[in-house]
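Data block below; observations after.
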Amino acid sequence: MDNNKVWLITGAGRGMGVDIAKAALKAGHKVVATGRNTESVAKAIGKAENLLVVKLDVTSEVDSEAAVNAAVKKFDRIDVLINNAANFYAGFFEELTMDQIEKQLQTSLIGPMIVTRAVLPVMRRQKSGHIISISSSAGLTSFDFCSAYSASKFGLEGWMQALQKEVAPFGIYSIIVNPGFFRTELLTEQSTNYADKPIEDYNEQRAQQMQFWKAANGQQSGDPAKLAQALIKVANEDQPPLRFIAGADAVSTAEQVVSTLQQQINTYRELSSSLNYNKA
Ligand SMILES: NC(=O)c1ccc[n+]([C@@H]2O[C@H](COP(=O)([O-])OP(=O)(O)OC[C@H]3O[C@@H](n4cnc5c(N)ncnc54)[C@H](OP(=O)(O)O)[C@@H]3O)[C@@H](O)[C@H]2O)c1
């Protein structure tokens with residue numbers, strides 16, 4: 001991939017999306033930076049020649065179609081879609097309301113699907129493209145207090161893995177990115193919503209979790225500007241990877257997941273493998 005591609009980025013008004021947009025512009029690409037509030041997107045990224053700022057709430061099919069049309073009208077094509085926008089509904093499963101769970105899934109699972117559906121016809125016509133979806137360590141394994149978020153990221157992973165195979169014949173690459181902790185605004189009040197349905201039995205555990213998540217805000221080890229640079233490199237590979245693990249903490253989580261799964265396979269290997277019909 002040369003450095004003159006068109007990148008469409010969701011959630012580019014705050015957090016990682018801003019760094020990705022800036023890094024893509026700096027590398028010489030054209031950028032369609034999208035967000036719910038176009039003023040904040042424009043302000044966060046600053047002026048640039050090859051920049052188009054477009055309104056896009058990822059939960060809206062109307063916005064998605066309009067954003068794709070605006071991108072094609074301005075730059076003729078879309079080469080890289082970054083499904084980045086998300087939020088975090090934090091809390092124990094029982095303490096999250098169904099409304100909160102639905103909102104989580106709507107933003108971080110259905111949203112990327114809506115935007116990708118709008119972009120895919122353009123990429124199929126071009127016979128090329130990259131779809132890069134930002135998952136999480138919480139898309140590789142789950143953590144308590146993260147059930148809704150993890151469910152959305154596991155869903156994203158399952159959907160993306162099928163999509164990878166479905167669109168490869170059209171020259172479209174898809175990449176799942178699993179970041180560990182990065183210092184963005186995800187753990188601020190603007191992006192994190194805590195569970196709304198307190199249950200006394202969880203009081204003590206909830207207090208510990210809230211303390212952990214609030215203290216983690218601003219202390220995350222990962223630098224989103226470096227992650228943005230890494231994505232430019234990965235998207236530029238002749239054979240882009242199906243998955244990119246981002247951050248030393250995420251590498252260690254991924255290694256733990258592999259080792260746990262291997263142990264689970266080994267523990268019941270014989271029983272697991274003995275479930276076919278007997279040969280007649
Ligand atoms: N930071 C981390 O440690 C970390 C770790 C693992 C994975 N991730 C993933 O990385 C991605 C980026 O998160 P971040 O850390 O940069 O979080 P962030 O700083 O909170 O930024 C989230 C962005 O998503 C946007 N957004 C939220 N709902 C939206 C919607 N319905 N439509 C369009 N935009 C919407 C926000 O825009 P508004 O200003 O309109 O709210 C904001 O620009 C997410 O997918 C997140 O799950 C982050």
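The values are calculated or read from the model by the stated rules, or taken from the named source; none is laboratory data. Since the model is a prediction, treat every value here as computed from it, not as a measurement. Glycine gets a Cβ as well: all are built from the backbone with ideal geometry, and neighbour counts include every protein chain shown. Note: areas computed on protein heavy atoms with side chains; ligands, DNA, RNA excluded. Shrake-Rupley method; radii C 1.70, N 1.55, O 1.52, S 1.80 Å.
If only one of VAL58, VAL72, VAL53 is in a strand (DSSP E or B) and at pLDDT 95 or above, which one is it?
None of the other options fit; the residue is VAL53.
Within the group VAL58, VAL115, VAL72, VAL80, which residue is under 22 Å from ASN37 (Cα atoms), more than 13 Å from the ligand (Cβ to nearest atom), crowded, with 21+ Cβ neighbours inside 10 Å and of a type in the set (Val, Ile, Thr)?
Sole residue among the options that is under 22 Å from ASN37 (Cα atoms), more than 13 Å from the ligand (Cβ to nearest atom), crowded, with 21+ Cβ neighbours inside 10 Å and of a type in the set (Val, Ile, Thr): VAL80.
A quick yes/no check of all residues on (1) closer than 19 Å to ALA23 by Cβ; (2) over 20 Å from the mean Cα position of the chain (by Cα):
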| position | (1), (2) |
| --- | --- |
| ILE175 | yes, no |
| ARG183 | yes, no |
| THR192 | no, no |
| VAL234 | yes, no |
| SER274 | no, yes |
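Of all the residues that make up the stretch 1-21, how many are more than 22 Å from THR188 (Cα to Cα) and within 13 Å of the ligand (Cβ to nearest atom)?
Result for the stretch 1-21: 1.
Exactly one of these conditions fails for SER142: (1) closer than 30 Å to PRO121 by Cβ; (2) small (Gly, Ala, Ser); (3) assigned to a loop (DSSP other than H, G, I, E, B). Give me its number.
With (1) closer than 30 Å to PRO121 by Cβ; (2) small (Gly, Ala, Ser); (3) assigned to a loop (DSSP other than H, G, I, E, B) applied to SER142, the lone miss is (1).
Looking at the stretch 205-259 only, could you name the residues that are away from the ligand (no atom under 13 Å from the Cβ) and among the β-branched types (Val, Ile, Thr)?
Within the stretch 205-259, ILE232, VAL234, VAL251, VAL257, VAL258 meet the criteria.
Of everything in the stretch 118-136, what is touching a Gly at 6+ places or on another chain (Cβ under 7 Å) and open to solvent by less than 10 Å² (accessible area, probe 1.4 Å)? Give them in sequence order.
Looking only at the stretch 118-136, we keep the residues that are touching a Gly at 6+ places or on another chain (Cβ under 7 Å), and these are 123, 127-128.
Once the filter is applied, which keeps residues that are touching a Gly at 6+ places or on another chain (Cβ under 7 Å) and open to solvent by less than 10 Å² (accessible area, probe 1.4 Å), the stretch 118-136 yields only MET123.
Inside the stretch 161-193, can you point out the residues that are more than 16 Å from the ligand (Cβ to nearest atom) and open to solvent by less than 50 Å² (accessible area, probe 1.4 Å)?
Of the residues in the stretch 161-193, the ones more than 16 Å from the ligand (Cβ to nearest atom) are 161-173.
Selection gives ALA162, LEU163, GLN164, VAL167, GLY171, ILE172.
For the stretch 120-137, indicate whether the set of residues that are within 13 Å of the ligand (Cβ to nearest atom), under 20 Å from ALA228 (Cα atoms), at pLDDT 95 or above and of a type in the set (A, V, I, L, M) is non-empty.
Checked against the condition, which is being within 13 Å of the ligand (Cβ to nearest atom), under 20 Å from ALA228 (Cα atoms), at pLDDT 95 or above and of a type in the set (A, V, I, L, M), the stretch 120-137 yields at least one hit.
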